[in-house]
Amino acid sequence: MPDSSAFTSAQNIYATFPEYNYSVIENEYRTLQYVYNNYQFEQNPNADGNARLHYIPVYVGNGNYIVSVTATQIWTPAGMITATRNSNTIVLDGSIFDDYYVGNK
């Protein structure tokens, strides 16, 4: 392993999603921020308390859901390195409509 002075840490990390065909078009991917020694989603202004999360659209059907994360602009003496990894498989089963009920009877 080369000495840590021989390369930089990743300058840009982002997540792409299957509902957008893993696109890197603006508003179809999420930039990750370095927070508390981890990379996390940016705060979502549409989430309760600005939570760091990604909403899966209602139209995404049952089945496997895999997020792809890319770390780029890792500079070395030989040039720039980009690395892409897929998340563990998340199995979607059901929808928000399965949880719908009328609370007052």
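Hey, got a sec? Which chymotrypsin sites (Phe, Trp or Tyr not before Pro) in segment 46-83 land in a DSSP loop and have at most 16 other Cβ atoms within 10 Å? Within segment 46-83, the qualifying chymotrypsin sites (Phe, Trp or Tyr not before Pro) (loop, at most 16 other Cβ atoms within 10 Å) are Y55, Y59.
Ratio of Rg to Rh for the chain: 1.09 [Cα atoms; Kirkwood radius as inverse mean 1/r over pairs].
At 10 °C and 1.306 mPa s, grab the translational diffusion coefficient of segment 24-72 from Stokes-Einstein with a Kirkwood Rh over Cα pairs, rounded to a whole number in µm² per second. Translational diffusion coefficient: 125 µm²/s. For the chain, the dipole from Cβ point charges (+1 on Lys and Arg, -1 on Asp and Glu) about the Cα centre works out to 140 debye, to the nearest 20.
We did not get these values from a lab; they are worked out from the coordinates using the rules stated. Quick caveat: nothing in here was measured; it's all calculated off a predicted structure. As a convention, Cβ positions derive from the backbone with ideal geometry for all residues, glycine included, and neighbour counts pool all protein chains shown.
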